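Have a look at the structure below, then the notes.
The values are calculated or read from the model by the stated rules, or taken from the named source; none is laboratory data. On a predicted model such as this, the values are computed, not experimentally measured, just so you know. Neighbour counts run over all protein chains shown; Cβ positions are idealised from the backbone, glycine included. For accessibility, only protein heavy atoms count, side chains too; no ligands or nucleic acids. Shrake-Rupley method; radii C 1.70, N 1.55, O 1.52, S 1.80 Å.
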Amino acid sequence: MIKAVLIDVDNTLLDFDEYVKYAMKIGFEKFGYREYEDWMYDEFCLINNGFWGAYEKGEIAYEDIMKNRWNKVFEKVGIVGDGIEFEKFFKDTLFFNAILIDGAIETLEYLSKKYIVCTATNGPYLQQLNRLKISGIDKFITHNFISEEMGVAKPDNAFFALALDRINEKQRENKEKELSFDNLIMIGDSLSSDMLGAKNSGIKTCFFDKNNRNKPFPYDFKITKLIQIKDIL
């Protein structure tokens with residue numbers, strides 16, 4: 001029986017895609033680069049996903065993404081600029097931006113009345129905490145599992161094992177029964193970090209396919225809108 005919900009943050013609860021478009025538009029103007037065009041976002045996604053895929057496999061460090069991704073994007077879209085400087089602008093601006101995915105608050109309100117709700121996200125600790133706070137999401141969350149603070153990232157089994165350990169620490173404090181992986185479900189938009197990582201740990205999975213990509217993968221459930229989780233849990 002499900003007792004706790006792990007839920008991803010970027011592109012699951014908060015709309016990272018829309019933030020990227022916003023940051024590229026205002027950032028290119030701020031630094032005097034060429035005007036932003038929609039096709040540039042697609043190039044960012046290809047490059048960014050490649051970096052994060054390598055990071056999830058342990059092939060590169062998080063710092064490698066921060067140092068290199070915007071220089072790669074600039075090369076692709078024909079901009080001469082300082083990618084490291086733009087990365088700082090991008091992260092500083094992201095710290096104070098939280099665009100909610102449609103249905104996020106309603107879904108969390110529903111889940112928090114029935115389950116222990118925990119975020120499970122790869123990223124900088126203070127940045128993610130602040131974005132959860134300014135979005136209003138934080139009041140529904142019992143635990144925040146954030147890779148920078150935990151020292152391990154999804155899809156590593158150790159990420160999910162540590163998350164379960166921390167949930168059970170609280171269970172023991174409250175003199176409540178400890179949970180097992182069978183009592184958890186992971187909701188997220190990434191097949192590689194969310195679905196694969198959880199599945200490999202024996203955790204049930206719910207794929208948030210917000211763009212209806214219909215990619216084949218042995219997840220347990222699929223939703224295209226967050227609020228559809230009511231039909232599952």
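In segment 212-233, the residues that are of a type in the set (Ser, Thr, Tyr) form Cβ pairs under 8 Å with partners that are surrounded by 13 or more Cβ atoms within 10 Å (Cβ to Cβ) and part of a helix (DSSP H, G or I), at six or more places apart or across chains, as follows: Tyr219/Leu191; Tyr219/Met195; Tyr219/Lys199.
Restricting attention to segment 98-107, which residues are over 12 Å from Gln228 (Cα atoms) and either without any contact (Cβ under 8 Å) to a residue 24 or more places away in the chain or buried (at least 17 other Cβ atoms within 10 Å of the Cβ) (or both)?
Listed by number, the residues that qualify are Ala98, Ile101, Ile105.
The single condition among (1) open to solvent by less than 20 Å² (accessible area, probe 1.4 Å); (2) in a helix (DSSP H, G or I); (3) within 20 Å of Met66 (Cβ to Cβ) that Glu148 does not satisfy is (1).
Find the residue count for segment 196-206, including only residues that are closer than 22 Å to Asp231 by Cα, open to solvent by less than 20 Å² (accessible area, probe 1.4 Å) and not in a strand (DSSP E or B). Qualifying residue count for the region: 2. For segment 165-195, the set of residues classified as open to solvent by less than 20 Å² (accessible area, probe 1.4 Å) and part of a helix (DSSP H, G or I) consists of Ile167, Asn168, Gln171, Ser193, Asp194, Met195, listed by residue number. Determine whether Leu196 is modelled with pLDDT under 95, in contact with a Lys or Arg (Cβ under 7 Å, 6 or more places away or on another chain) and within 15 Å of Leu6 (Cα to Cα). Considered against the rule, which asks whether it is modelled with pLDDT under 95, in contact with a Lys or Arg (Cβ under 7 Å, 6 or more places away or on another chain) and within 15 Å of Leu6 (Cα to Cα), Leu196 comes out as no. Just one of (1) farther than 21 Å from Lys210 by Cβ; (2) under 23 Å from the mean Cα position of the chain (by Cα) fails for Trp52. It is (1). If Leu162 satisfies every condition in (1) in a helix (DSSP H, G or I); (2) within 22 Å of Asp17 (Cβ to Cβ); (3) at pLDDT 95 or above; (4) under 18 Å from the mean Cα position of the chain (by Cα) but one, which is the exception? Failing condition for Leu162: (2). Listed by first and then second residue, the pairs with beta-carbon distance under 7 Å, at least 6 apart or on different chains, first residue in segment 141-155 and within 20 Å of Leu108 (Cβ to Cβ), second of a type in the set (Val, Ile, Thr), are Ile141/Val117; Ile141/Thr119; Thr142/Ile116; Thr142/Val117; His143/Ile167; Asn144/Thr119; Phe145/Thr119; Ile146/Thr121. Just one of (1) touching a Leu at 6+ places or on another chain (Cβ under 7 Å); (2) basic (Lys, Arg); (3) more than 30 Å from Thr205 (Cβ to Cβ) fails for Lys3. It is (3). In summary, Thr119 fulfils each of the numbered conditions (1) surrounded by fewer than 21 Cβ atoms within 10 Å (Cβ to Cβ); (2) in contact with a strand residue (DSSP E or B) (Cβ under 8 Å, 6 or more places away or on another chain); (3) closer than 27 Å to Lys3 by Cβ with the single exception of condition (1). Is it the case that Asp138 is acidic (Asp, Glu), surrounded by fewer than 18 Cβ atoms within 10 Å (Cβ to Cβ) and out of contact with any helix residue (DSSP H, G or I) (no Cβ under 6 Å at 6 or more places or on another chain)? So Asp138 does not fit the description; no.
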